[in-house]
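Accompanying notes for the structure given below.
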Amino acid sequence: MLDLSQSCLVLNKPTGISSNDALSKVKIKLNQKKAGFSGTLDPLASGILIIFFNKATKLCSYFLNANKTYNAVARFGQMSDTGDLDGKIIKKKNKVNLNNIDLKFLEDKYTGTIEQTPPMFSALKHKGVPLYKYARKGITIKREPRNINIYKIELKLIDSNHMSINVVCSKGTYIRTLVEQIGNEIGSGALLSKLERTKINNISIENSINLNDFLLKSFDDILNNYIINVDQLLENIDSFYISNNDKAKVLNGNKLDVDHKPCEIIKIYDEDMKFLGIGNINRNSELFPKKILV
């Protein structure tokens, strides 16, 4: 088995396949038993899906909590039970002349902190069961609205029925729900007809490999050109190097007195520049290891 102990792959998931199916194909291709990803993409959606192998899976949550960038297309005049094109059409409304819509008003209204109620067709759990399993049985569970952040939104008309929506948002944002909110605001209803995730933090889809292309590559090509150590994805984060004498303390989860400014997150390396994991440094100049990957 290949040694991919701290490795990851920046994948471009195509439409028509679930994130779990994409993960399974990658695991089989590389003969890896332990792997995970950060942030599920529905089968309708395409785009960046970071695959983490073995001990690198400890950092999945860091990327799950990261800001995301999406390109979406909304279809107006229709609503579905899932909020997207894959669902059953449950309502049709009279079309609205989109040319009369004040796009700047909508952009301003949906920028900043807004409230969303998570959809029933989602992976959120109620009593340990994903909501979508209840939804498939026709059961509706009460969901509490929650605040999410839209850092940037750009709206552009495509034709009389469709609008493109470019969004930079916080974790927990449902683009399907955002499309429905805009449709309700306009008065015509809407559903999501296309979705592509183009960024997770500063990691761009331009640096990814399409799943179908990946499956055709040789092992050597994949290892040399597409498999990277997970620390390379932790951009704009300070690095701290510890002595071999202090290494055992950190590996055992003990704090360490250091000469460094406070940091909420810091990459930890040993004298040989081997990545050990991440931690934080408090105001007392104490380094606390949080996720150790060796």
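The values are calculated or read from the model by the stated rules, or taken from the named source; none is laboratory data. This is a predicted model, so every value here is computed, not measured. Glycine gets a Cβ as well: all are built from the backbone with ideal geometry, and neighbour counts include every protein chain shown. SASA here: full protein model, heavy atoms, side chains in, ligands and nucleic acids out. Shrake-Rupley method; radii C 1.70, N 1.55, O 1.52, S 1.80 Å.
Close amide H contacts of LEU276 (hydrogens built in the peptide plane, cut-off under 5 Å, sequence separation of 5 or more or a different chain): ILE268, TYR269, ASP270.
Quote the charge dipole size of region 1-137 about the Cα centre in Debye, to the nearest 20; the model charges only the Cβ of Lys and Arg (+1) and of Asp and Glu (-1).
Details: 22 positive and 10 negative charges, 116 e Å.
Its charge dipole is roughly 560 debye.
Between SER170 and SER18, the simple spin-label model (points 7 angstrom out along Cα→Cβ) gives 2.9 nm.
Surface analysis of region 104-230 yields an accessible area of 53 Å² per residue, using protein heavy atoms and a 1.4 Å probe. Remark: the ASN202-LYS291 segment gains 29.9 nm on full extension, using 0.36 nm per residue and subtracting the alpha carbon distance. Given the pairs LYS133/LYS156; LYS27/LYS274; LYS29/LYS152, which span a C-alpha to C-alpha distance of over 30 angstrom in this model? In this structure, LYS133/LYS156; LYS29/LYS152 exceed 30 Å between Cα atoms. DSSP beta bridges confined to the chain are antiparallel in about 90 percent of cases.
Only DSSP H runs of four or more residues enter the estimate; each adds -39500 (n - 2.57), and after division by the residues of the chain the mean residue ellipticity at 222 nm equals -5500 deg cm²/dmol.
Diffusion coefficient of the chain by Stokes-Einstein, Kirkwood radius over Cα pairs, 4 °C, 1.567 mPa s: 61 µm²/s. Put simply, region 48-168 fits an ellipsoid with semi-axes of 29, 22, 14 Å; these come from the alpha carbon gyration tensor as the roots of five times its eigenvalues, largest first. With all protein chains in place and a 1.4 Å probe, the accessible surface of the chain carries 45 percent carbon and sulfur.
In this simple spin-label model, placing a label point 7 Å from the Cα along the Cα-to-Cβ direction at both LYS133 and LEU157 gives a separation of 4.6 nm. For the set LYS25/LYS291; LYS68/LYS291; LYS25/LYS91; LYS25/LYS261; LYS68/LYS290; LYS109/LYS290, the pairs lying more than 32 angstrom apart at their alpha carbons are LYS25/LYS91; LYS25/LYS261; LYS109/LYS290.
Can you classify region 1-118 as rounded, prolate or oblate using the Cα gyration tensor, where a ≥ b ≥ c are the square roots of its eigenvalues, rounded means a/c under 1.5, and otherwise it's prolate if a/b beats b/c and oblate if not? If you can, show how the numbers build up before the last one.
Values: a/c = 3.31, a/b = 2.05, b/c = 1.61.
Prolate, since a/c reaches 1.5 and a/b exceeds b/c.
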